[in-house]
Every structure is written in C-alpha cells, then in structure tokens.
1. Being on the phi > 0 side of the Ramachandran plot and in contact with a Gly (Cβ under 8 Å, 6 or more places away or on another chain), is that true of even one residue in region 324-342?
2. Looking only at residues that are among the small types (Gly, Ala, Ser) and without any contact (Cβ under 8 Å) to a residue 40 or more places away in the chain in region 78-113, which one is surrounded by the most Cβ atoms within 10 Å (Cβ to Cβ)?
3. Return yes when Ala367 is over 15 Å from Leu46 (Cα atoms), surrounded by 13 or more Cβ atoms within 10 Å (Cβ to Cβ) and among the aliphatic types (A, V, I, L, M) and no when it is not.
4. Assuming Glu167 fulfils every condition listed in (1) in a helix (DSSP H, G or I); (2) over 26 Å from the mean Cα position of the chain (by Cα) apart from one, which condition is it?
5. Answer yes if at least one residue in region 365-383 is outside the structural domain of Ala169 (by TED's automatic domain parsing), in a helix (DSSP H, G or I) and touching a Pro at 6+ places or on another chain (Cβ under 7 Å), and no otherwise.
6. Given the residues Ile290, Ile348, which is the only one that is touching an Asp or Glu at 6+ places or on another chain (Cβ under 9 Å) and either surrounded by 14 or more Cβ atoms within 10 Å (Cβ to Cβ) or in contact (Cβ under 8 Å) with a residue 24 or more places away in the chain (or both)?
7. Select from region 391-408 the residues that are among the polar types (S, T, N, Q) and over 22 Å from the mean Cα position of the chain (by Cα) and write down the one among them that is surrounded by the most Cβ atoms within 10 Å (Cβ to Cβ).
Amino acid sequence: MSLSRKPRVVILGGGFGGMATAQALGKKADVTVVDRHNYQTFLPLLYQVSTAGLAADHVAYPIRGALQKTGGKFRMGSPISVDHRNKTVKLDSSEVLEFDHLVVAMGSVTADFGTPGVEEFALGMKTIHEALQIRAEVMRRFEDLCRFEDDTRFAVTVVGGGPTGVEMAGALAELVRGPLMNDQAHAARHIDIRLIEAGPRILPMFSESLSAKSQKALEKLGVKVMTNTAVKEVEWRKIDLKDGSSVPSEVTIWAAGVKGNPAMEALTLPIVGGRLETEETGQVKNYPHIWAVGDVVGIKGANGRPLPMVAPVAMQTGRFVADQILRVHHKQPLRKFKYKDKGSMATIGRHKAIVEVKKIRYSGVLAWFTWLFLHLFYLMGGRNRIGTIADWFWNYFTFDRGNRHIMDSM
C-alpha cells in the first residue's frame, strides 16, 4: 500500500466502538461505516425510553451526520462474506467494498445462556425497537388493569441485577409511583415490580456497601429484589425458578447479560468464547489487516478475564485501533492495548445513584448529578442533548412522563 494515498478502512458496526474508530481516523483514512441501521443508539439511556422517560429519537443519532466533519462514507446493510485474499467484504445489498483494513465492531446481542423461553417470552434491552416494545407492553397491561376495580394484579420482572437491570427496575418503579399513580391510582397500586439476580447481590461489580445501598433504595421504591434466585425457564406470564417455585410475570425483561453478535460468524474469522480471537495489538489472530473493536474483542484484561462489554471499552478500543491502523500505514511499530478502567456508575432513581472509581466511592445526589453530566457529555448531537435535558426537567419538576405512548407494531 502506497503512503501517497490514504488507507481504505471499512468499519462493520456504527455503535460506540465503530464510531470512535471512524472519528479517531478522521480525514487521515478513507473510511466507510457499515451498519444495518442508519443511526447510532445511545444504549446507556435506552432503559429511559422503555420507561417513558425519554423520547426514542433522543437516543438515536444519524451516522451520516456523525461522519460529516471527517468526510467518511456510510452504507446501510450487513456483511454476508469476506474475501480475505482480495480484501473485499460483500454486503446483503450485493455491494462489494474494498479495504486495506477491516474493523469488526458489530457489538453484542442479548445472551439467554440457554434458558428456555427467553427468546419467545422475554424482551431484550439492546435496540430502540425492543425499548418501545417494553414500554408498549407495560402500558398495555396498565390499561388492562384500569378496566378492573378488584384485586387483579400484574407483575413486571427484570432478570439480571447488573447496572442495566437495576436502572430498569428503578425507572419502572418511579413510573408506577408517579405518572401511572396520577393516571389511575387503583391500577398503579396493583402493579408489582420484581428484580431477579442469580448471584448473592445486585451490582456485583461495585463494592458490597454500594450494592447494599442500591438494594435498599430499590426496595424503598417498592421493587422486590430477589437475590440467589436462578431462572430455570421463562413461560407465558410466568417464570419458573431453579428451586422449583415460580413467580407470575406478565412482562419479563431480560437484562441478564450479552454476548458477541453472532452475525460475525459470516466473516469466517476465529471465534473463541463468543468473541473474535484477538491479539494484544487489536488484530484478529492470523489476520493482520483485520481488527476487533468493542464487544467482539477477545483481549483479556489485567484480571485475566475478557474485557467487559461496556461503552468505555468500545470507545477505548476504537480509538486504539484507529491509531494502530495509522501506525501500520506509516510503518511504525504497533503497541499493545491496555484498558484503563475509569470506574462504574449506576442510577437507581431520583437523587439516587452510585459511583465507584478505584477506591473513590460515593452515592446519593452528587453521584446522581455525576451520572447525568457524563451521560449528556457522551450523548451525540446538540438536538439530542437539548431534547434529553428538556425531558429530564419536565419529568423532574412535574413528576410526569409525557412519553407514555403505546407505539409498537401491534
């Protein structure tokens, strides 16, 4: 490849990792981003769409708009094959793209861990469509309850006690206690919110003290937290547990984990443990011109475990791979990736959040404002930021949520 021309880089995936790579390369490369959607979804706020706190378009940003300043190109589609000898990738649109470097940033999908019934009866939390489905199902069941004046109840169950599950359970509880209580108090009082975690405590990535505070905050909101509780099977309006008991669940939300996108199997690349087998340089093993970014990365962290499938990892690996590609282009030595853990945070509800950065731990109002600021900072687009702030202000001062629409495909 001549130094006189820019390297041709095709990036498969327009999520946090793919866009971080594209923006870090800027005008130093001829970049084409491929994604089956023409927008990037801001996944950390997706649960607020599910619980009527935000409008769906506030967490989506056009990929073409994000590429305007760099001159990058976009193709809507999915890869169906890679010709490694000729360095081309074929899309389901039949278009064939040539590349010098291929970046695989295809993200993750919901992992059911082989649990029967999850695919049929549970709702995931990875796309805007799924978020709107959750919102519609909760509101539809609420409207059903409004027809009754007896003791009929319905339960919403969140499976998975990580940050996504905790934030979802807390937001659902606040939706019920606030807007739905104002809409129809009798129906709202008959909605049960439950959080199921297979391990001994929720938020296991945080210190025990912060986990305990979070559980106490959830329970104060009316969420029934069930730890040391493993799901055996999800059925229609019911969850069977491994201890032989079962709990009613008209709406089951699966937030128990994610796995690398199985669509990457079409690329005929080495996969280990649901991720691409990746060298510490970011290159896919035996394929020096192919790079892994984000949730599909197979690099191990300092603890010897695979890197967590979270946005900070995606953005760090994306910027790292962009630098590595430019190093290859300029015939410079490659570096090894080292993940810098900048801490974890989760919000439980109004004025309630936890933050842990190494040995620095705090909770409450300050943690809540930290959470708000960082999420706004990383949200793409001025319009989205303004819309999100407007929704948050409205929700905060009126105790209302104006996005309680049933707008799924039914």
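1. No, there is no match, as no residue in region 324-342 is on the phi > 0 side of the Ramachandran plot and in contact with a Gly (Cβ under 8 Å, 6 or more places away or on another chain).
2. Ser93
3. Values: over 15 Å from Leu46 (Cα atoms): yes; surrounded by 13 or more Cβ atoms within 10 Å (Cβ to Cβ): yes; among the aliphatic types (A, V, I, L, M): yes.
For Ala367, the condition - over 15 Å from Leu46 (Cα atoms), surrounded by 13 or more Cβ atoms within 10 Å (Cβ to Cβ) and among the aliphatic types (A, V, I, L, M) - is met.
4. (2)
5. Restricting attention to region 365-383, the residues satisfying the condition of being outside the structural domain of Ala169 (by TED's automatic domain parsing) are none.
No, there is no match, as no residue in region 365-383 is outside the structural domain of Ala169 (by TED's automatic domain parsing), in a helix (DSSP H, G or I) and touching a Pro at 6+ places or on another chain (Cβ under 7 Å).
6. Ile348
7. It comes out as Asn395.
The values are calculated or read from the model by the stated rules, or taken from the named source; none is laboratory data. Just so it is clear, the structure is predicted and the values come from calculations on it, not from any experiment. As a convention, Cβ positions derive from the backbone with ideal geometry for all residues, glycine included, and neighbour counts pool all protein chains shown.
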